[in-house]
Amino acid sequence: MLDGFAVSTPILCAMHSERDAGWRPAFFVSSDSTITTGMHAADYIRLKRDGGHLTDAQWHDLIERYTRGDIPDYQMSAFLMAAFLNGMDDTEMVALTDAMLHSGIVLDLSDLPGRKVDKHSTGGVGDKVSIPLAPIVAACGVPVPMISGRGLGHTGGTLDKLESIPGFSTSLSIDAYRKQLGEIGLVMIGQTADIAPADRKLYALRDVTSTVEFVPFIAASILSKKLAEGIDALVLDVKFGSGAFMQAEKDARHLAETLVGVSDRFGKPAVALLTDMDQPLGCTVGNWPEVAESIALLHGDAPEGLTEVTLALAAEMIVAGGMAATNAEGVVRAEEAIRSGAALERFKAMVGAQGGDVSVVEDPERRTSKAIAADVHAPEDAKGFVARIDALAVGRAMITLGAGRRTKEDDVDPLAGCTLLKRQGDPVAPGDVIARVMASTEEHLEQAIAALRGAWSFSESSEQPASRVRDRFVDGAWERR
């Protein structure tokens, strides 16, 4: 929870009191004016390096100048690390969020029917949930305007996965974004030059400066995009474990409380689910492999953990969108959208509208057949059952393979990824095929296989996976699921 959040600054009080009157914080910078603080980029770095705090106006000045290109990446990198090491208070976090939110336009979708609801995940290895989730919810009558990001660190990004569909464009104009949402009820794009452009630049920079897992940066990044896209409510999937950025459960809880608290105070009701990412989610990790598994889920054929998380989030979104009275009813509606084929048809409509090749959605094997594949075999000491698959090790192996980025400028291989053929609780013997990797080239195949093999651990007894969805945070309190 944000300690003293509601009364920490006069700005926050203004946010609360003016919310229903189309409020905007007192420090908002309009598009035709500029806050000038008289400080150079080096002054901001020095201030944070020495443990100081930026004012609201200074945050707006810093972010506006960086977005405009007046502050280079190398100086912003130094600032990010100084803030990461010395911390930010709640007031600074809110000011940063607002500065990033208003670095571009803030959409108003109130003229389109329905309560617009989006979902955001804090990321994890194998987390492809957004891809099947959005069309499921849209098929239930809830419009889903989704602005997603690229891969960060060892976790994949929704945009990279969607762009593994040949021709799929994640860059739409605002007019096209609005039109598609009105016609299909679903749109999935990236940060544009118009929507949260500051986050678009900072997102990639955080990835390559090891400042990803800092709560104020995470909160500002997530909420600047989500608040800008015109939503009425937000559902959050906050992950913990080896494959998540917040590996400790207590840190993930703190992040969930922070995100819900800030979102609520910007006038957007939010709920967060705490989910376990200690092992990869589903059977695939990578770009096209995760899209193919998402398509399988829309056919009703997916691993239990992936289905559990998807349906839990779908129920929250359907309730938030006013199309179900309870979560139980929301699950029933989501399951029917899958069973009837309505969710798959909605996904195909979105792919077609955004320039993607619908034929590979209809026949995913056509895309997979173009990859170079190799098997990963269990080591000689493998016996009994799979005890655990280290999600972090899998994620790092996939970066080696080309499914993720080492530097901001790196391209990703759209076909790179793996399928986990032996999962927790499965029997295993030496030499068994435990995974299959694929990529566009053989360049890093053997290196990735060697790294991947070490992710499995074994035991003499079988232990079945626990529920992936743990707790729920809403209205300032945790609820056990």
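The values are calculated or read from the model by the stated rules, or taken from the named source; none is laboratory data. From a predicted model like this one, the values you see are computed outputs, not experimental measurements. Here Cβ is always computed from backbone atoms with ideal geometry, including for glycine, and neighbour counts include all displayed protein chains.
Residues in the range 439-469 that are in a strand (DSSP E or B) and over 28 Å from residue 287 (Cβ atoms): 458, 459.
Any idea how many residues of the range 263-297 are within 15 Å of residue 235 (Cβ to Cβ) and not small (Gly, Ala, Ser)?
So the count comes out to 7.
Counting only helices (runs of 4 or more DSSP H) that sit wholly inside the range 213-326, not one has at least 2 residues that are among the β-branched types (Val, Ile, Thr) and assigned by TED's automatic domain parsing to the domain that holds residue 388.
In the range 96-103, is there at least one residue being assigned to a helix (DSSP H, G or I) and not aliphatic (A, V, I, L, M)?
Looking through the range 96-103, at least one residue is assigned to a helix (DSSP H, G or I) and not aliphatic (A, V, I, L, M).
On the stretch given as the range 334-357, residues that are over 15 Å from residue 299 (Cα atoms) and either assigned to a helix (DSSP H, G or I) or not acidic (Asp, Glu) (or both) total 8. I'd like the full set of residues that are at pLDDT below 90 and not in a helix (DSSP H, G or I), limited to the range 185-209. The answer is 190, 191, 192, 193, 194, 195, 196.
So, of the residues in the range 351-396 that are among the aliphatic types (A, V, I, L, M) and touching a helix residue (DSSP H, G or I) at 6+ places or on another chain (Cβ under 6 Å), which turns out to be nearest to residue 435 (Cα to Cα)? Walk me through it before giving the result.
Pass one, the range 351-396, residues among the aliphatic types (A, V, I, L, M): 351, 353, 358, 360-361, 371-374, 376, 378, 382, 386-387, 389, 391-394.
Pick out the ones that are also touching a helix residue (DSSP H, G or I) at 6+ places or on another chain (Cβ under 6 Å) and you get 351, 353, 358, 360-361, 374, 376.
Details: 351: 29, 353: 34, 358: 28, 360: 23, 361: 23, 374: 9, 376: 5 Å.
Per the stated criteria, the residue is 376.
For residue 416, the stated conditions do not hold, so it cannot be described as touching a residue at least 12 places away in the same chain (Cβ under 8 Å), of a type outside the set (Val, Ile, Thr) and over 24 Å from residue 245 (Cβ atoms). Going by what's in this entry, would residue 197 be described as touching a strand residue (DSSP E or B) at 6+ places or on another chain (Cβ under 8 Å), assigned by TED's automatic domain parsing to the domain that holds residue 309, farther than 30 Å from residue 279 by Cβ and in contact (Cβ under 8 Å) with a residue 60 or more places away in the chain? Against the criterion (touching a strand residue (DSSP E or B) at 6+ places or on another chain (Cβ under 8 Å), assigned by TED's automatic domain parsing to the domain that holds residue 309, farther than 30 Å from residue 279 by Cβ and in contact (Cβ under 8 Å) with a residue 60 or more places away in the chain), residue 197 does not qualify.
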